[in-house]
1. Percent antiparallel among DSSP beta bridges with both residues in the chain, to the nearest 5?
2. From Cα pairs below 8 angstrom and at least 6 apart in sequence, can you work out the relative contact order of the stretch 225-314, rounded to a whole percent?
3. What percent do you get for the relative contact order of the stretch 132-225 when only Cα pairs under 8 Å and 6+ apart count?
4. Kindly identify the stretch 86-234 as rounded, prolate or oblate by the Cα gyration tensor criterion: order the square roots of the eigenvalues as a ≥ b ≥ c, call it rounded if a/c is under 1.5, otherwise compare a/b with b/c, prolate if a/b is larger, else oblate.
5. With springs only between Cα atoms under 10 Å apart, run a GNM on the chain and tell me which of Gln117, Gln323, Gln287 wobbles the most.
6. Any of Lys260/Lys353; Lys54/Lys115; Lys76/Lys283; Lys115/Lys260; Lys76/Lys211; Lys127/Lys228 with alpha carbons more than 31 Å apart? Name them for me.
7. Relative contact order for the chain using alpha-carbon pairs under 8 Å, separation at least 6, rounded to a whole percent?
8. Of Asp93, Asp84, Asp267, which is the most mobile in a GNM of the chain whose springs link Cα atoms less than 10 angstrom apart?
Amino acid sequence: MIKKFSSRRDFFGAALSLAAAPAALADAPRRDAPPLKSLTNAPMGCSTNLVALKDPAYAALLLRNFSQVTPEYEMKMNPITHTDGRLNFTLADNFMGFARQNRLRVHATTLVWYKHQPPYFMGLDGKGQVFADAYRNYLLTVVGRYRGQVVGWDVVNEPVWTDGTRLRDSLWSSNLGAEDYMMLAFEYAKQADPNAVLFINEFDLERLPRKRATFLNLVERLLKRGAKIDGIGTQSHVNINLPQGASTLTMRDLAALGLKIHVSELDVSLGRADRDNRSMDDKLKLQSAKAWEVVDAFMNLPASQRYALTMWGLMDKNTWLRQLPGREHDEPLAFYDDGQPKPMFWAMADRLKTR
Ligand code: G3I
């Protein structure tokens, strides 16, 4: 049972004292941290991958806390598409097998993304109908293979330019049209799996109001043209310096379209350690407050719009952020590397519990 606190300050102070010395906690009997998935009827998700799942302790912690998974890599275009155009589903099938064995919902990512432009498709660049046919075949085949097995798909990922000023240029836009590649992707996905919830997914919607506006204008145009968009994914790769209220404001703007909302890739970066001399305690407090706000904004949505809340990684050591310069020691997730819950875990649990 989580103790009720008189104020958020008291709560974050108490949570921090609990988790301030992970080494000591690692020796202490594991606190009975409530499984996150047990605190709400909104699906709690986590990204994972087949390499990480080889560790039984990792798998156990994931299964204890989450009812939904997102493949971090296995169902994307690069690992599926051979240079000769043949499609290889080994990794994707293995991932789906894990999910099936453990009765997990799967949100699949991603069908069309500017960062995955496999050599096969690059080789068809400028080849008109041949390119268009290969694109259609890919989408129908991939979505059709997992028809009825996945809850939803990120159909189009990160369509807006990084600074939010315009749409991205990509192999897809240059061959099929700036927005037509998106219209086609949603059409084929809906055709291949009519019951999958289809998303358009973007990052930095909290940090860049200009990008949020460009993104929402795009979604409205696509909807007006009849695009089969069921939901919006806000990746929520946020950081401890994000202004308070930014997540709340963003969720309000996104929810206005009435579509389902997926907090699709939540992590809360502590930023570059070499440029911030605040104490770890202070950073973890800020991290808890940011995580609390994201969960609060999500839980304040109408239940019909709450698709899922997905963490982008389980333990800090799993984070993609450590691939970035200056982030080698970032700690953006809810669990320490020994599996102990962090202050942000307790902040999220506290908000989830209050419904
Ligand atoms: O494991 C394979 C290896 O067998 C293979 O030989 C090698 C060839 O490059 O790839 C290895 O896989 C790596 C994979 O992560 C492992 O999970 C890929 O190289 C590497 O590119 C891949 O990075 C992922 C990245 O997306 C690109 O797909 C990150 O883990 C993943 O966290 C990141 O996630 C993205 C979201 O999809 C979209 N939003 C941003 C987010 C962070 O970039």
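1. Numbers: 3 of 37 bridges.
Roughly 10 percent of the DSSP beta bridges within the chain come out antiparallel.
2. Values: 117 pairs, mean separation 35.6, N = 90.
It rounds to 40 percent for the stretch 225-314.
3. Relative contact order for the stretch 132-225 comes out at 39 percent.
4. Details: a/c = 1.70, a/b = 1.20, b/c = 1.42.
Verdict is oblate for the stretch 86-234.
5. Taking springs between Cα atoms under 10 Å, the residue moving most is Gln323.
6. Details: Lys260/Lys353 21 Å; Lys54/Lys115 27 Å; Lys76/Lys283 34 Å; Lys115/Lys260 25 Å; Lys76/Lys211 24 Å; Lys127/Lys228 27 Å.
Over 31 Å Cα-Cα: Lys76/Lys283.
7. Working: 630 pairs, mean separation 63.9, N = 355.
Across the chain, relative contact order equals 18 percent.
8. Maximum fluctuation in the GNM of the chain, among the listed residues, is at Asp84.
A short reminder: the numbers here are calculations on the coordinates, not readings from a lab. All of these numbers come straight from a predicted model, not from anything done at the bench. Cβ sites come from the backbone with ideal geometry, for glycine too, and all protein chains shown count toward neighbours.
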